[in-house]
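Readers should treat all values here as calculations from the given coordinates under stated rules, not as data from a laboratory. Just so we're clear, the structure is a prediction, and the values are computed from it rather than from any experiment. We place every Cβ from the backbone using ideal geometry, glycine too, and count neighbours over all the protein chains shown.
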Amino acid sequence: MNRLSMFAAAAALASALSVTPAAALVVQHIATDAELLALLSDELFVAEGRIGDGAGAATFEIDLGGDTGAPATSAQYAWPNGGAVNWTLHYNNVTNLITFTVDTVVLQWTTPLSGFTDLFVRTRAVNADTEILVDDLVLDAENIGDASHAVADGLDILWIAGGALADGFTLTGTTTMSWGGAMPTQSRLAFQIKVGVTNTVPTEQSTWGKVKALYR
């Protein structure tokens with residue numbers, strides 16, 4: 001059984017479990033980019049991993065900055081088909097330095113902004129027979145217990161609120177991109193970690209350690 005099949009089986013099993021909710025972090029899925037835009041009063045920075053052109057010279061596969069359309073820094077990376085890749089996103093609130101490490105690739109950028117309140121882990125798979133899973137999420141040593149998972153023209157956004165992000169944070173996770181047939185290109189298979197400010201608290205607290213039904 002591959003990693004993505006194991007995730008699907010775990011999701012089905014977890015739906016039947018009852019686990020004590022977390023005291024601090026609030027985790028919830030939202031279904032659309034329009035809903036995300038309505039929640040974010042300010043998107044302050046974003047870290048991205050995308051299929052690109054498979055580490056060719058035409059474009060990039062990893063980026064960091066205030067906007068994915070014009071990132072402050074980027075790098076090439078050959079995402080494996082079906083292989084899990086570890087990454088870390090770290091924010092130093094004293095220096096405002098953001099460090100995004102994917103496998104052995106390190107990107108750094110100093111943001112002029114601060115006061116972060118919320119994280120959004122967005123996954124998008126456009127082409128048929130493609131999917132992307134971002135899981136094993138840990139925020140400042142606290143296991144998130146949920147994942148962002150998009151399949152074949154699907155979108156999923158995991159909203160993480162309640163952490164002391166403005167005081168500095170470290171988020172770690174694992175990304176698995178998979179495709180059948182020809183490799184997709186550009187941002188047709190991608191994930192973003194969006195960090196910003198919202199004026200809203202999630203109304204539904206997810207069950208800790210439970211993989212919720214994911215929106216498509």
With bins of 5 Å, the percent of all Cα-Cα pairs of region 73-134 per bin from 0 is 4, 12, 20, 23, 19, 12, 7, 3, 1
³J(HN,Hα) computed for each position of region 66-76 - Karplus, 6.51 cos²θ - 1.76 cosθ + 1.60, integer Hz, glycine/proline x
x, 7, 5, x, 9, x, 6, 8, 8, 8, 9
Along region 154-162, Karplus-curve 3J(HN,Hα) (6.51, -1.76, 1.60; θ = phi - 60°) to the nearest Hz, with x for Gly and Pro, reads x, 9, 9, 10, 9, 9, 10, 10, x
Highest mean packing first, using Cβ neighbours within 10 angstrom, the peptides 137-144, 174-181 sort as 174-181, 137-144
Please work out the FRET efficiency for the pair Asn199 and Asp129, using the Cβ-Cβ distance as r and a Förster radius of 35 Å; give the result to the nearest 0.05.
0.35
For region 141-173 and region 45-79, what is the separation of their Cα centres, given in Å?
19
Using a simple spin-label model with points 7 Å from Cα along the Cα→Cβ vector, what separation in nm is obtained for Asp136 and Ala182?
3.2
Treat region 20-145 as a sphere of radius equal to its Kirkwood radius over Cα pairs and apply Stokes-Einstein at 25 °C in a medium of 0.890 mPa s; give the translational diffusion coefficient in µm²/s, rounded to a whole number.
151
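On a full-extension model of 0.36 nm per residue, what is the gain between Asp33 and Thr99, subtracting their alpha-carbon distance, rounded to one decimal in nm?
Answer, rounded to one decimal: 21.2 nm.
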If I take every Cα pair under 8 Å that is 6 or more residues apart in region 116-193, average their sequence separation and divide by the length, what percent do I get for the relative contact order?
45
